[in-house]
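Shown next, in structure tokens, is the structure this report addresses.
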Ligand code: SF4
Ligand code: MG
């Protein structure tokens, strides 16, 4: 692992700094207790790797990950088991993440048994029933098997499983991208409601901004293993500063009609994260790139009190937008 560095912070909270194989490189995020934090970027940008590092499902090569004031990067054994209880993952694909040979009752009961071994069998059954109701399923669904359910229902089962340990943090890795568009909103709303009801912190990984627009408080946009812009979701939608964020936003048809929308289409393929471009990693696709962008690495710096951007020229770009033919709607 060469020159890869990751740094997050789930505040209240959770903070991390790690090094890993090229997937994530110098990432710095901070997630505050009780909020919904979104991590957005194209596939291959390192967002899933980042999520797995946060959860300690992957071993960081170097660095620190802090959760509620404690460094969890190197914890083992019992501490790690406790962490697994406090942080849960909702997977992208509800079809492959549930064992087809286990009944729903077993699927949801298993983590209860692991994390709350003191419960009797009857209490566990009751707890399964309660969790199924919480996610909008019925207690009698406990006797059925995953294949008997629709995609949206299976994701509800996955969520019930995640909630079984009373986690304080839930990370959803594209939790709705495998679902029909018609049920995506339902599952997103469910997660959003549960977060408030259960006093959890939610981290949502997504490949487009549309999905997280109405549910996330703050967002970090990633490109090739790095965060290029972060800040309050409303602010980023209203006033994207990094050219990559502008491009992601202009890909949302509905958003293109919103306030202060900027149209920007990108040309070219995303370079391989294994061989990222020099200087600003976005320079090969950036319509605003200047000569020195190929050699000078932009730092993720404060743009406003709440937001950060990694671009040498964000101020000039903001000022030149009309001249550059970008059309705020
Ligand atoms: Fe574009 Fe240069 Fe800004 Fe990178 S630093 S986003 S290449 S203008
Ligand atoms: Mg992924």
Verdict on residue 111 being surrounded by 18 or more Cβ atoms within 10 Å (Cβ to Cβ), closer than 19 Å to residue 142 by Cα and within 16 Å of ligand 2 (Cβ to nearest atom): no
Selection within the stretch 232-244 - within 12 Å of residue 307 (Cβ to Cβ), without any contact (Cβ under 8 Å) to a residue 60 or more places away in the chain and buried (at least 24 other Cβ atoms within 10 Å of the Cβ): 240
Counted residues, the stretch 199-253 - those being over 18 Å from residue 177 (Cα atoms) and out of contact with any strand residue (DSSP E or B) (no Cβ under 8 Å at 6 or more places or on another chain): 12
The stretch 290-308: number of residues that are surrounded by fewer than 18 Cβ atoms within 10 Å (Cβ to Cβ), in a loop (DSSP other than H, G, I, E, B) and within 11 Å of ligand 1 (Cβ to nearest atom): 5
Selection from the stretch 199-231 of residues that are at pLDDT 90 or above and surrounded by fewer than 20 Cβ atoms within 10 Å (Cβ to Cβ): 217
Total residues in the stretch 106-121, condition in a helix (DSSP H, G or I) and closer than 11 Å to residue 165 by Cα: 8
Selected residue [within 16 Å of ligand 2 (Cβ to nearest atom) and touching a residue at least 40 places away in the same chain (Cβ under 8 Å)] from 37, 95, 67: 95
Matching residues in the stretch 162-197 - criterion: being in contact with a strand residue (DSSP E or B) (Cβ under 9 Å, 6 or more places away or on another chain), closer than 22 Å to residue 68 by Cα and part of a helix (DSSP H, G or I): 162, 163, 191, 192, 194, 195
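Conditions (1) in contact with a helix residue (DSSP H, G or I) (Cβ under 6 Å, 6 or more places away or on another chain); (2) at pLDDT 95 or above; (3) within 16 Å of ligand 2 (Cβ to nearest atom), marked per residue:
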| site | (1), (2), (3) |
| --- | --- |
| 233 | no, yes, no |
| 249 | yes, no, no |
| 253 | no, no, no |
| 267 | no, no, no |
| 271 | no, no, no |
| 276 | no, no, no |
| 300 | no, no, no |
| 310 | no, yes, no |
The lone exception for residue 155 - which of (1) away from ligand 1 (no atom under 16 Å from the Cβ); (2) touching a strand residue (DSSP E or B) at 6+ places or on another chain (Cβ under 9 Å); (3) not in a helix (DSSP H, G or I) it fails: (3)
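The values are calculated or read from the model by the stated rules, or taken from the named source; none is laboratory data. The structure displayed is predicted, hence computed values, not measured ones. All Cβ positions, even for glycine, are placed from backbone atoms using ideal geometry, and neighbour counts span all protein chains on display.
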